[in-house]
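Only one structure is covered here, and it is reproduced in the block below.
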Amino acid sequence: MTLQDNKIKNPEKGLPLGEDLGGAVLIIGAGLCGSLLALRLAQRGFLVEVFESRPDLRKVAISAGRSINLALSDRGLKGLRLCGVEEKARKLCIPMIGRLMHDKESNTFSSNYSGREGEYINSISRGDLNALLLDEAEKHENVTIHFNHKCKKVDIENGIAFFINSETNEEFSVTSEVIFGTDGAGSSLRKSYISEPKFLFSYSQNYLTHGYKELEIPSDSTGNHKISKDHLHIWPRGDFMLIALPNLDGSFTVTLFLSYDEGEYHFNNLTTEEKITAFFEQEFPDALALIPNIKDEFLNNPTGPLGTVKCSPWFYKNTLLLGDAAHAIVPFYGQGMNASFEDVVVLDEILNQELESWEVVFKEYQKARKKDTDAIADLAIDNFYEMRDHVANEIFKQKRKIEMDLEKYFPNQYFSKYSLVTFNEHIGYEEAMKKGRAQDKALLHLIADETVQTHQNMTKNELKIILDKVMAETTEILKEDSIAKL
Ligand SMILES: Cc1cc2nc3c(=O)[nH]c(=O)nc-3n(C[C@H](O)[C@H](O)[C@H](O)COP(=O)(O)OP(=O)(O)OC[C@H]3O[C@@H](n4cnc5c(N)ncnc54)[C@H](O)[C@@H]3O)c2cc1C
């Protein structure tokens, strides 16, 4: 069978279940990645059948506790642009120009994400964005989304997916020529790779000792935000931290990242109102004043784990893992969804090559993509330490100030690691990581070098000297790294 056979021949919406899907493409999971993938494949002319375990989120309220809002940045926007939905998504966004740090005495200081004009990240509701993508996918005659259908396993040898309908408890199987697993970090397709020892499948899942819990700062009585909506708020406290992202209705979603069982306060011992209040009074007094329902929310909202999934290969025969199913990462770079949308862009580019079979497409896709998702997984762990600790550190602040100034005065020459990862969609995560880390090293050397003058308000000429030194040392570091790999 060639790829052309999967294109529409007779686009009848809704195929009978329990049967061979014939030429249709099967997608398991209609979350952020699966719904964008369905939209793109439909635009390319494929007949697409999507099976989602949960009810339709446009009809029922989504439950609290699963990252209610997310930071959407350039790589994610690139995926939305590819599918013609960027402008619609932007209407759901609140731009955040930088971080606003809160110390224990309730003082704040800000640090922009970039010194260049127009570089910011966006807070967006997971539910609203997912609903937009489902709407857009369903506008296509050749897409059908079946809600309340959970995939139990996949016979990867024969391309058969087994489902249960959670409304009727009916179990059935669907045969398809090609199956995509976009069913998130607990992917049923990935589990089938593990349980069917048909090939050498490498897999690792590493949890942090920290989990997360979501709380809410409601809007004020006029429906407005109580603190700056132009920032991602951070309360960095070394071993733990609190963050808050704005919502369109004037509220903020607050997330506490805390150890399960280490330190004076941890999730396992914060079990009474008194303890929760004492913890927040001691560590986050200004946030406590903004969260009126802290006791109920803390005790009732779930605590979620934070983990990294790496695996290889991502495909077997005509099945492929995409998004979190292939590469779940911790949320500290705000890139999991962005990376999942970029997956769709990279797959689309491979499809443009008109290769002879899905298996070849999948092989080329993994070759092009894996190094970059491995890199963002590692960068996300690095940022865990940076956000909870280093952002409040004096050397870090000094380094960020120099970087801001370099980006402002030399916008086409200097891109910080954060900018390379977040705003530079034209290079892969791996390249961004290597260059960004080398620059960081060079800048820190320079700050430590007493023969080099750095101060708060450097002129453009002084900054040019710094830029030249940083670039020269960055080139040296990158050269040494590539020689060390030989
Ligand atoms: C606390 C937190 C904060 C985050 N913040 C950010 C951020 O700021 N920016 C960012 O870019 N990313 C962020 N992420 C990461 C982001 O949420 C994920 O990377 C993104 O949701 C991945 O999309 P996905 O479609 O691959 O997986 P998911 O969004 O998990 O979607 C999977 C879908 O598959 C369905 N499904 C699951 N199992 C089955 C099954 N067996 N059968 C059928 N359907 C199934 C699920 O119901 C779901 O709809 C954050 C994550 C967390 C946990």
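Values in this text are rule-based calculations from the coordinates and carry no lab data. Worth saying up front: this structure is predicted, and the values here are computed from it rather than measured. Quick reminder, even Gly has a Cβ in these numbers, built from the backbone with ideal geometry, and neighbours come from all protein chains shown.
Assorted remarks:
- Over all pairs of different C-alpha atoms, region 139-243 has a mean inverse distance whose reciprocal, the Kirkwood radius, equals 18.7 Å.
- In units of the compact-protein estimate 2.2 N^0.38 Å, region 240-304 shows a Cα radius of gyration of 1.09.
- Stretching Asn107 away from Arg54 to a fully extended chain increases their span by 14.8 nm, per 0.36 nm per residue minus the current alpha-carbon distance.
- Rounded to whole Å, sorted largest first: equivalent-ellipsoid semi-axes of region 346-449, Cα gyration tensor: 34, 15, 10
- Positive-end residue of Asn352, Ala244, Thr168, charge dipole of the chain with Cβ unit charges: Asn352
- Debye intensity ratio in log₁₀ form over the Cα atoms of region 201-283, taken at each q of 0.19, 0.25, 0.27 Å⁻¹: -0.90, -1.20, -1.28
- Cut-off 11 Å between beta-carbons: net charge of the residues surrounding Pro246, Lys and Arg +1, Asp and Glu -1: 0
- Among 320-333, 82-95, sorting by the average number of other beta carbon atoms lying within 10 angstrom of each residue, highest first, gives 320-333, 82-95.
- The shape of the chain can be summarised by an equivalent ellipsoid whose semi-axes, obtained from the alpha carbon gyration tensor, come to 40, 29, 20 Å from longest to shortest.
- Percent breakdown of C-alpha pair distances by 5 Å bin, ordered from the shortest bin, for region 263-375: 2, 10, 16, 14, 10, 8, 8, 8, 7, 7, 5, 2, 0
- Angle in degrees between helix 394-409 and the longest Cα principal axis of the chain, rounded to the nearest 10: 70 degrees
- Relative packing of peptides 456-468, 404-416 - highest average C-beta neighbours within 10 Å first: 404-416, 456-468
- Region 191-232, Cα convex hull volume normalised per residue, Å³: 178 Å³
- Between Asn393 and Asp239, the FRET efficiency from the beta-carbon distance, with R0 = 22 Å, is close to 0.95.
- Fewest-first ordering of His140, His455 by other beta carbons within 10 Å of each residue's beta carbon gives His455, His140.
- Here is the tail figure for region 393-484: Cα pairs spaced more than 19 Å apart come to 37 percent of all pairs.
- Note on Thr222 and Ala448: the extension gain reaches 76.4 nm, defined as 0.36 nm multiplied by sequence separation minus the Cα-Cα distance.
- Among the listed pairs Lys59/Lys213; Lys408/Lys460; Lys408/Lys479; Lys213/Lys417; Lys371/Lys469; Lys310/Lys370, a Cα-Cα separation exceeding 18 Å is found for Lys59/Lys213; Lys408/Lys479; Lys213/Lys417; Lys371/Lys469.
- Between the listed residues Leu100, Thr475, Ile124, the Cα displaced farthest toward the positive end of the dipole of the chain, a dipole computed from Cβ unit charges relative to the Cα centre, is found at Thr475.
- Nearest 10 degrees, 0 to 90: helix 126-138 Cα axis against the chain principal axis: 30 degrees
- Estimated 222 nm signal from helices in the chain, with DSSP H stretches of n ≥ 4 weighted -39500 (n - 2.57), rounded to 500: -12000 deg cm²/dmol
- Nearest-ten-degree value, helix 358-388 long axis tilted from longest Cα axis of the chain: 30 degrees
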